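Note sheet for the following structure.
The values are calculated or read from the model by the stated rules, or taken from the named source; none is laboratory data. Computed from a prediction, not measured in an experiment: that's the story for all the values here. Every residue, glycine among them, receives a Cβ derived from its backbone with ideal geometry; neighbour counts consider all protein chains shown.
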Amino acid sequence: MPVSPGVSLSDRPAILTAMSLGTAPVPPGTPVDLRHSGEAHLVIVHPPFAAPLRPGERPAVTAHDPDAARAAVLSLSMVAAVRREKAPARLALPGSPSVREDLDEVSAAVWGSTVKITDPALMEEGLGFGALEDEFEAQRMRFPDARIVAVCERDFGASYSKVLVAVPGVPELLIEEIDGLRITGDPRATLAAIGVALDEDGSAYLEEDSSEDDEEGPGGVGIADYHELLHVVSDGALSVYADEQRHQSTFLVERTERGESEIGAVWFP
């Protein structure tokens, strides 16, 4: 598992694809391939930061702010305008899109100082610096004192996942899995900066890894529990429960040219 501590994600080379060159909009009603599924999320946790959640600890239920959620959606580079807003509903896992129009649904929740956005246009295909990473860097620059987490999980026959975490005071963290796991940055430093007591709870998230291709050699770090790691870095925003009490808003949006291009290139290759 190659590990590259202290490397700035902004130094990673961008790869020109159809997404960056532009593609024609996909016509309404075009079916989404049934083999294509996935989700992409962006979480912004503003200071002051609460104590980190313990493994398995549920986040507190905080009232949802629909107006702030709408503003958060409109801040995305993939969104030009909001066409329609649905009434707030209980937080739930995103459904699988069946036609092109479903990919214009963006969900957002604002619970106090925590913002969570789910947007299928942020999905990436694993070929380099794409929509998720662009939005992550834009939000990091906009809110340098906040904790920013971006996640995409895609299964289009071959699976791909990416996690990006920015915590003030430490290098950014990238966890990427496509034909093996690759970590850029130091998960231990990220967790310590959040306030996790590594001697008490570190084993719930990380494990020692001294595989031969680990650039750190003996003492390298692996991921013990992917979902617990997302839970703690997102302050519980990325966890959804069967008896969920938190709420979110869903918006039908008009896409920017970049948003249309990303959807066409990733969801309709």
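Some points to look at:
- Pairing residues of segment 18-36 that are more than 19 Å from residue 254 (Cα to Cα) and at pLDDT below 65 with residues that are outside any loop (DSSP other than H, G, I, E, B) and aliphatic (A, V, I, L, M), at Cβ distances under 8 Å and at least 6 apart in sequence or on separate chains, gives 18/265.
- Contacts under 8 angstrom Cβ, first residue in segment 44-62 being closer than 14 Å to residue 230 by Cβ, partner part of a loop (DSSP other than H, G, I, E, B) and of a type in the set (Val, Ile, Thr), 6 or more apart: 52/196
- Residue that is nearest to residue 235 (Cα to Cα) [pool: residues in segment 138-190 that are out of contact with any strand residue (DSSP E or B) (no Cβ under 6 Å at 6 or more places or on another chain) and part of a strand (DSSP E or B)]: 181
- One residue from 117, 148, 183 being touching a Gly at 6+ places or on another chain (Cβ under 9 Å), among the hydrophobic types (A, V, I, L, M, F, W, C) and crowded, with 16+ Cβ neighbours inside 10 Å: 183
- Taken together, 123, 78 contain a single residue that is under 14 Å from the mean Cα position of the chain (by Cα) and among the aliphatic types (A, V, I, L, M), which is 123.
- Residue in segment 194-203 that is part of a strand (DSSP E or B) and buried (at least 17 other Cβ atoms within 10 Å of the Cβ) present: no
- Residue check, residue 72 buried (at least 21 other Cβ atoms within 10 Å of the Cβ) and touching a Gly at 6+ places or on another chain (Cβ under 8 Å): no
- Scanning segment 121-138 for residues that are buried (at least 23 other Cβ atoms within 10 Å of the Cβ) and of a type outside the set (Phe, Trp, Tyr) yields 121, 122, 123, 124, 130, 131, 132, 135.
- Residue satisfying all of: in segment 55-69; at pLDDT 95 or above and out of contact with any strand residue (DSSP E or B) (no Cβ under 6 Å at 6 or more places or on another chain); farthest from residue 104 (Cα to Cα) among these: 57
- For the residues 75, 98, the requirement of being of a type in the set (Gly, Ala, Ser) and farther than 20 Å from residue 234 by Cβ singles out 98.
- Just one of the numbered conditions (1) at pLDDT below 95; (2) surrounded by fewer than 18 Cβ atoms within 10 Å (Cβ to Cβ) is not true of residue 206: (2).
- Within segment 129-167, the set of residues being touching a residue at least 60 places away in the same chain (Cβ under 8 Å) and acidic (Asp, Glu) comprises 133, 135, 137, 145, 153, 155.
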